[in-house]
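A short write-up of the structure that comes next.
The values are calculated or read from the model by the stated rules, or taken from the named source; none is laboratory data. From a predicted model like this one, the values you see are computed outputs, not experimental measurements. Because the Cβ atoms are built from the backbone with ideal geometry, glycine has one as well, and the counts that use them run over all protein chains shown. To get the accessible areas, we keep the full protein, side chains included, count just its heavy atoms, and leave off ligands, DNA and RNA. Shrake-Rupley method; radii C 1.70, N 1.55, O 1.52, S 1.80 Å.
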Amino acid sequence: MSRSSTGPSHTDPNPRAVNNLLHTLRGEQFRHSQNLQRIRTHVSATLARNSPTLPIDLSSPDYPLDRPPAKAEASHSSAYKNCPGPEAPKSWTLTSKEVAEEDTPVWRARAVSLVLPSPPPIPSLSNLCLRVLAALSTQQFKQDIIPHLPSHLQRDLVRQSAIYSPLSSAKLYALCEPDGHTDTELVVVGPNATLRDDYFIRATRDTDNVDSHSNNKEDASWDSERECDVDPLRTFVLMSTRLATSSLLSLPPTITRMALINLPTPIALHRLPGTCPLLVVLDLSYNTWLGLKSGSAEKILDRVEWSRWSHLRVLGLRECHVSIGMLVKLNRGRWDDVEIVQ
(Lines give C-alpha, C1' and ligand atoms only; values in the text may rest on other atoms or scores of the structure.)
Protein backbone atom coordinates (compact mmCIF):
# COMPACT_ATOMS: atom_id res chain seq x y z
CA MET A 1 0.00 0.00 0.00
CA SER A 2 1.59 3.24 -1.11
CA ARG A 3 1.42 6.63 0.68
CA SER A 4 1.04 9.82 -1.23
CA SER A 5 2.83 13.04 -0.10
CA THR A 6 1.76 16.57 -0.87
CA GLY A 7 5.22 18.04 -0.46
CA PRO A 8 8.37 17.47 -2.46
CA SER A 9 10.50 14.42 -1.61
CA HIS A 10 14.25 14.21 -1.30
CA THR A 11 14.34 12.71 -4.79
CA ASP A 12 12.50 15.67 -6.32
CA PRO A 13 14.26 16.46 -9.61
CA ASN A 14 13.73 20.20 -8.99
CA PRO A 15 15.51 21.22 -5.73
CA ARG A 16 14.08 24.76 -5.91
CA ALA A 17 10.48 23.57 -5.86
CA VAL A 18 10.06 24.54 -2.18
CA ASN A 19 11.46 28.04 -2.74
CA ASN A 20 9.27 28.56 -5.77
CA LEU A 21 6.23 27.38 -3.85
CA LEU A 22 6.95 29.75 -0.96
CA HIS A 23 7.58 32.59 -3.38
CA THR A 24 4.20 31.94 -5.05
CA LEU A 25 2.40 31.82 -1.71
CA ARG A 26 4.00 35.06 -0.59
CA GLY A 27 2.97 36.78 -3.78
CA GLU A 28 -0.62 35.61 -3.49
CA GLN A 29 -0.79 36.66 0.15
CA PHE A 30 0.67 40.10 -0.65
CA ARG A 31 -1.72 40.69 -3.56
CA HIS A 32 -4.62 39.64 -1.35
CA SER A 33 -3.65 42.19 1.31
CA GLN A 34 -3.25 44.87 -1.36
CA ASN A 35 -6.73 44.12 -2.70
CA LEU A 36 -8.25 44.36 0.77
CA GLN A 37 -6.63 47.76 1.25
CA ARG A 38 -7.46 48.79 -2.33
CA ILE A 39 -3.86 49.67 -3.05
CA ARG A 40 -2.67 49.39 -6.63
CA THR A 41 0.99 50.15 -6.11
CA HIS A 42 3.22 47.99 -8.26
CA VAL A 43 5.99 46.20 -6.42
CA SER A 44 8.91 44.79 -8.36
CA ALA A 45 9.85 41.18 -8.20
CA THR A 46 13.16 42.12 -6.60
CA LEU A 47 11.44 43.51 -3.54
CA ALA A 48 9.20 40.47 -3.38
CA ARG A 49 12.20 38.13 -3.37
CA ASN A 50 13.77 40.12 -0.51
CA SER A 51 10.63 39.89 1.63
CA PRO A 52 10.76 37.77 4.81
CA THR A 53 10.25 34.02 4.59
CA LEU A 54 7.18 34.11 6.84
CA PRO A 55 3.99 35.77 5.60
CA ILE A 56 3.83 39.46 6.30
CA ASP A 57 0.95 39.26 8.73
CA LEU A 58 2.73 36.59 10.78
CA SER A 59 6.01 38.45 11.27
CA SER A 60 6.29 40.44 14.51
CA PRO A 61 9.01 42.48 16.19
CA ASP A 62 11.07 40.98 18.95
CA TYR A 63 10.13 43.75 21.40
CA PRO A 64 6.78 44.70 22.99
CA LEU A 65 4.69 47.03 20.85
CA ASP A 66 4.05 49.36 23.77
CA ARG A 67 7.79 50.06 24.11
CA PRO A 68 10.15 51.18 21.31
CA PRO A 69 13.25 49.11 20.62
CA ALA A 70 16.25 49.91 22.76
CA LYS A 71 18.85 52.13 21.16
CA ALA A 72 22.09 50.56 20.11
CA GLU A 73 25.04 51.12 22.38
CA ALA A 74 27.04 54.26 21.74
CA SER A 75 30.19 52.25 21.14
CA HIS A 76 28.79 50.43 18.12
CA SER A 77 27.68 51.68 14.76
CA SER A 78 24.04 50.88 14.05
CA ALA A 79 24.89 50.38 10.39
CA TYR A 80 27.23 47.48 11.18
CA LYS A 81 25.28 46.17 14.15
CA ASN A 82 22.14 45.42 12.11
CA CYS A 83 23.88 43.79 9.16
CA PRO A 84 23.30 40.05 8.64
CA GLY A 85 26.14 37.64 9.06
CA PRO A 86 28.88 37.44 11.66
CA GLU A 87 29.52 40.25 14.10
CA ALA A 88 31.57 43.15 12.77
CA PRO A 89 35.23 43.26 13.85
CA LYS A 90 36.20 45.68 16.60
CA SER A 91 38.14 47.84 14.14
CA TRP A 92 34.85 48.64 12.36
CA THR A 93 33.00 49.77 15.46
CA LEU A 94 32.64 53.47 16.20
CA THR A 95 33.58 54.50 19.71
CA SER A 96 32.04 57.63 21.20
CA LYS A 97 34.59 59.69 23.13
CA GLU A 98 33.23 61.03 26.38
CA VAL A 99 33.27 64.82 26.47
CA ALA A 100 33.65 66.62 29.79
CA GLU A 101 30.88 69.05 30.65
CA GLU A 102 33.39 71.90 30.84
CA ASP A 103 34.27 71.32 27.16
CA THR A 104 30.76 71.94 25.84
CA PRO A 105 29.46 75.26 24.44
CA VAL A 106 26.38 75.06 26.67
CA TRP A 107 28.49 74.97 29.83
CA ARG A 108 30.84 77.73 28.67
CA ALA A 109 27.92 80.00 27.72
CA ARG A 110 26.39 79.49 31.17
CA ALA A 111 29.72 80.00 32.91
CA VAL A 112 30.46 83.44 31.38
CA SER A 113 26.86 84.68 31.45
CA LEU A 114 27.47 87.01 34.43
CA VAL A 115 30.25 88.92 32.69
CA LEU A 116 29.66 88.56 28.94
CA PRO A 117 26.35 89.00 27.10
CA SER A 118 24.56 85.77 26.24
CA PRO A 119 24.84 84.72 22.58
CA PRO A 120 21.63 85.04 20.55
CA PRO A 121 19.73 81.81 19.86
CA ILE A 122 20.12 82.45 16.12
CA PRO A 123 23.62 83.72 15.28
CA SER A 124 23.91 86.61 12.89
CA LEU A 125 25.51 86.29 9.48
CA SER A 126 28.57 88.21 10.63
CA ASN A 127 29.10 85.82 13.56
CA LEU A 128 28.82 82.80 11.29
CA CYS A 129 31.41 84.33 8.97
CA LEU A 130 33.71 85.06 11.89
CA ARG A 131 33.60 81.41 12.96
CA VAL A 132 34.68 80.35 9.49
CA LEU A 133 37.54 82.86 9.49
CA ALA A 134 38.70 81.71 12.91
CA ALA A 135 39.16 78.18 11.54
CA LEU A 136 41.87 79.30 9.11
CA SER A 137 45.51 78.56 9.74
CA THR A 138 47.31 80.78 12.23
CA GLN A 139 49.59 82.34 9.62
CA GLN A 140 46.76 83.10 7.22
CA PHE A 141 44.61 84.37 10.08
CA LYS A 142 47.30 86.84 11.14
CA GLN A 143 48.22 88.11 7.69
CA ASP A 144 44.93 88.13 5.77
CA ILE A 145 42.16 88.48 8.37
CA ILE A 146 43.21 90.49 11.43
CA PRO A 147 44.41 93.63 9.57
CA HIS A 148 40.97 94.02 7.98
CA LEU A 149 38.85 93.40 11.12
CA PRO A 150 37.69 96.47 13.07
CA SER A 151 37.97 96.38 16.84
CA HIS A 152 34.31 95.59 17.52
CA LEU A 153 34.41 92.57 15.18
CA GLN A 154 37.60 91.35 16.84
CA ARG A 155 35.79 91.57 20.18
CA ASP A 156 32.80 89.65 18.79
CA LEU A 157 35.11 87.00 17.38
CA VAL A 158 36.76 86.46 20.77
CA ARG A 159 33.35 86.24 22.48
CA GLN A 160 31.95 83.74 20.01
CA SER A 161 35.10 81.63 20.03
CA ALA A 162 35.19 81.54 23.82
CA ILE A 163 31.86 79.71 23.77
CA TYR A 164 31.83 77.62 20.60
CA SER A 165 35.49 77.00 19.78
CA PRO A 166 38.14 78.56 22.05
CA LEU A 167 41.04 80.19 20.23
CA SER A 168 44.63 79.13 20.59
CA SER A 169 47.15 81.38 22.32
CA ALA A 170 48.70 82.40 18.99
CA LYS A 171 45.41 83.57 17.46
CA LEU A 172 44.16 85.18 20.65
CA TYR A 173 47.29 87.23 21.27
CA ALA A 174 47.39 88.26 17.60
CA LEU A 175 43.88 89.68 17.97
CA CYS A 176 44.87 91.53 21.15
CA GLU A 177 47.83 93.35 19.61
CA PRO A 178 48.96 96.03 20.25
CA ASP A 179 46.67 97.07 23.13
CA GLY A 180 46.66 93.75 24.99
CA HIS A 181 42.89 93.32 24.60
CA THR A 182 40.05 93.51 22.07
CA ASP A 183 37.92 96.60 22.59
CA THR A 184 38.52 96.65 26.40
CA GLU A 185 37.97 92.85 26.78
CA LEU A 186 40.35 89.95 27.33
CA VAL A 187 38.89 86.42 27.34
CA VAL A 188 41.28 83.48 27.81
CA VAL A 189 39.79 79.98 27.69
CA GLY A 190 41.90 76.89 28.25
CA PRO A 191 43.22 74.43 27.56
CA ASN A 192 43.92 75.78 24.05
CA ALA A 193 45.06 79.14 25.42
CA THR A 194 47.02 80.12 28.52
CA LEU A 195 47.77 83.46 30.16
CA ARG A 196 51.43 84.37 30.13
CA ASP A 197 52.86 85.18 33.53
CA ASP A 198 54.14 88.60 32.41
CA TYR A 199 51.33 89.33 29.97
CA PHE A 200 49.99 92.48 31.62
CA ILE A 201 53.47 93.83 32.31
CA ARG A 202 54.44 93.41 28.64
CA ALA A 203 51.13 94.85 27.44
CA THR A 204 51.63 97.97 29.56
CA ARG A 205 55.21 98.37 28.34
CA ASP A 206 54.18 98.01 24.69
CA THR A 207 51.39 100.56 25.09
CA ASP A 208 53.76 103.07 26.69
CA ASN A 209 56.22 102.62 23.84
CA VAL A 210 53.51 103.24 21.25
CA ASP A 211 52.33 106.38 23.06
CA SER A 212 55.82 107.80 23.39
CA HIS A 213 56.57 107.05 19.75
CA SER A 214 53.43 108.84 18.59
CA ASN A 215 54.15 111.87 20.81
CA ASN A 216 57.64 112.26 19.35
CA LYS A 217 56.30 112.47 15.80
CA GLU A 218 56.11 115.93 14.33
CA ASP A 219 52.85 116.90 12.65
CA ALA A 220 53.18 117.37 8.91
CA SER A 221 50.39 119.96 8.96
CA TRP A 222 47.89 121.51 11.37
CA ASP A 223 45.11 119.13 10.29
CA SER A 224 47.09 115.87 10.49
CA GLU A 225 45.30 112.96 12.15
CA ARG A 226 46.29 112.14 15.72
CA GLU A 227 45.96 108.74 17.29
CA CYS A 228 43.21 108.58 19.88
CA ASP A 229 43.94 107.34 23.38
CA VAL A 230 43.39 103.61 23.75
CA ASP A 231 40.67 102.57 26.18
CA PRO A 232 42.02 100.45 29.05
CA LEU A 233 41.06 96.89 29.91
CA ARG A 234 37.60 96.72 31.50
CA THR A 235 36.53 93.05 31.26
CA PHE A 236 38.75 90.10 32.06
CA VAL A 237 37.68 86.43 31.80
CA LEU A 238 39.95 83.53 32.64
CA MET A 239 38.46 80.05 32.36
CA SER A 240 39.85 76.51 32.65
CA THR A 241 43.48 77.63 32.84
CA ARG A 242 45.89 78.73 35.57
CA LEU A 243 46.45 82.21 36.95
CA ALA A 244 49.97 82.79 38.19
CA THR A 245 50.58 85.00 41.21
CA SER A 246 52.68 87.37 39.12
CA SER A 247 49.75 87.81 36.71
CA LEU A 248 47.29 88.38 39.57
CA LEU A 249 49.48 91.09 41.09
CA SER A 250 49.93 92.84 37.73
CA LEU A 251 46.24 92.96 36.76
CA PRO A 252 45.24 96.44 35.53
CA PRO A 253 43.31 98.40 38.20
CA THR A 254 40.84 99.55 35.52
CA ILE A 255 39.06 96.17 35.41
CA THR A 256 35.42 96.40 36.48
CA ARG A 257 34.08 93.00 35.37
CA MET A 258 36.08 89.85 36.15
CA ALA A 259 35.43 86.11 35.90
CA LEU A 260 37.89 83.54 37.27
CA ILE A 261 36.11 80.29 36.42
CA ASN A 262 37.17 76.66 36.80
CA LEU A 263 40.77 77.48 37.65
CA PRO A 264 42.77 74.29 38.25
CA THR A 265 44.75 75.65 41.23
CA PRO A 266 43.90 78.05 44.07
CA ILE A 267 44.92 81.71 43.85
CA ALA A 268 45.77 84.37 46.42
CA LEU A 269 42.25 85.75 46.37
CA HIS A 270 42.88 88.07 49.32
CA ARG A 271 45.36 90.04 47.16
CA LEU A 272 42.71 90.83 44.55
CA PRO A 273 40.95 93.80 46.29
CA GLY A 274 44.20 95.73 46.37
CA THR A 275 44.94 94.98 42.72
CA CYS A 276 41.48 95.57 41.24
CA PRO A 277 39.55 97.87 43.62
CA LEU A 278 36.92 98.97 41.04
CA LEU A 279 35.23 95.60 40.48
CA VAL A 280 31.49 95.77 39.91
CA VAL A 281 30.99 92.12 38.90
CA LEU A 282 33.17 89.27 40.19
CA ASP A 283 32.52 85.65 39.26
CA LEU A 284 34.37 82.86 41.11
CA SER A 285 32.07 80.04 40.03
CA TYR A 286 32.93 76.39 39.38
CA ASN A 287 36.26 76.42 41.23
CA THR A 288 36.75 73.12 43.03
CA TRP A 289 39.04 74.75 45.60
CA LEU A 290 36.03 76.87 46.66
CA GLY A 291 33.53 74.02 46.51
CA LEU A 292 31.63 72.30 49.29
CA LYS A 293 34.10 69.41 49.39
CA SER A 294 37.11 71.71 49.72
CA GLY A 295 38.44 72.02 53.23
CA SER A 296 40.08 75.38 52.54
CA ALA A 297 37.17 77.18 50.84
CA GLU A 298 35.92 78.94 53.99
CA LYS A 299 39.42 80.01 54.95
CA ILE A 300 40.17 81.43 51.48
CA LEU A 301 36.95 83.48 51.37
CA ASP A 302 37.31 84.64 54.97
CA ARG A 303 40.70 86.23 54.26
CA VAL A 304 39.23 88.56 51.61
CA GLU A 305 38.59 92.16 52.72
CA TRP A 306 35.21 92.51 51.03
CA SER A 307 34.73 96.06 52.31
CA ARG A 308 37.47 97.30 49.97
CA TRP A 309 35.21 96.51 47.01
CA SER A 310 32.84 99.42 47.55
CA HIS A 311 31.55 99.23 43.96
CA LEU A 312 30.82 95.48 44.00
CA ARG A 313 27.24 94.67 42.96
CA VAL A 314 27.23 91.03 41.74
CA LEU A 315 29.24 88.10 43.10
CA GLY A 316 29.11 84.72 41.35
CA LEU A 317 29.66 81.70 43.60
CA ARG A 318 28.03 78.86 41.67
CA GLU A 319 28.96 75.46 43.11
CA CYS A 320 30.98 77.21 45.82
CA HIS A 321 30.80 77.11 49.60
CA VAL A 322 29.03 80.15 51.05
CA SER A 323 28.86 80.46 54.85
CA ILE A 324 26.68 82.75 56.94
CA GLY A 325 29.74 84.48 58.35
CA MET A 326 31.01 85.23 54.87
CA LEU A 327 27.65 86.81 53.90
CA VAL A 328 27.70 89.03 57.00
CA LYS A 329 31.24 90.15 56.27
CA LEU A 330 30.45 90.74 52.59
CA ASN A 331 27.53 93.13 53.21
CA ARG A 332 28.86 94.87 56.32
CA GLY A 333 28.69 98.66 55.95
CA ARG A 334 26.86 98.64 52.58
CA TRP A 335 23.72 100.50 51.69
CA ASP A 336 22.68 97.77 49.25
CA ASP A 337 23.49 94.08 49.65
CA VAL A 338 25.66 92.42 47.03
CA GLU A 339 23.70 90.08 44.75
CA ILE A 340 25.08 86.57 45.12
CA VAL A 341 24.51 84.17 42.23
CA GLN A 342 24.70 80.52 43.32
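Worth pointing out:
- Note on Leu149 and Arg332: with the Förster distance fixed at 41 Å, the Cβ-Cβ geometry gives a FRET efficiency of about 0.35.
- Exposure ranking of Ile201, Ile255 by accessible area [1.4 Å probe, largest first]: Ile201, Ile255
- Over region 98-145, the alpha carbon radius of gyration divided by the compact-protein estimate 2.2 N^0.38 Å works out to 1.44.
- Distance (nanometres) between label positions extended 7 Å along Cα→Cβ at Lys293 and Arg271: 2.8 nm
- Vicinal HN-Hα couplings computed from phi for region 157-165 (Karplus, 6.51 cos²θ - 1.76 cosθ + 1.60; Hz; Gly/Pro x): 5, 5, 4, 5, 5, 4, 9, 8, 7
- Counting heavy atoms of the protein chains alone, Arg26 has an accessible area of about 50 Å² for a 1.4 Å probe.
- The alpha carbon centroids of region 115-137 and region 247-321 are separated by 29 Å.
- At an R0 of 41 angstrom, the distance between the Cβ atoms of Arg308 and Leu128 translates into a FRET efficiency of 0.40.
- Karplus-based coupling profile of region 242-249, in residue order and whole Hz: 7, 10, 6, 4, 4, 6, 5, 6, with θ = phi - 60° in 6.51 cos²θ - 1.76 cosθ + 1.60 and x standing for Gly or Pro.
- In the context of the full set of protein chains, region 264-342 has a per residue accessible area of 54 Å² (1.4 Å probe).
- Loop-resident trypsin sites (Lys or Arg not before Pro) (DSSP state other than H, G, I, E or B) in region 272-342 with no more than 15 further Cβ atoms inside 10 Å of their Cβ: Lys293, Arg303, Arg313, Arg332, Arg334.
- Cβ-derived FRET efficiency at R0 56 Å, Ser169 paired with Leu22, nearest 0.05: 0.20
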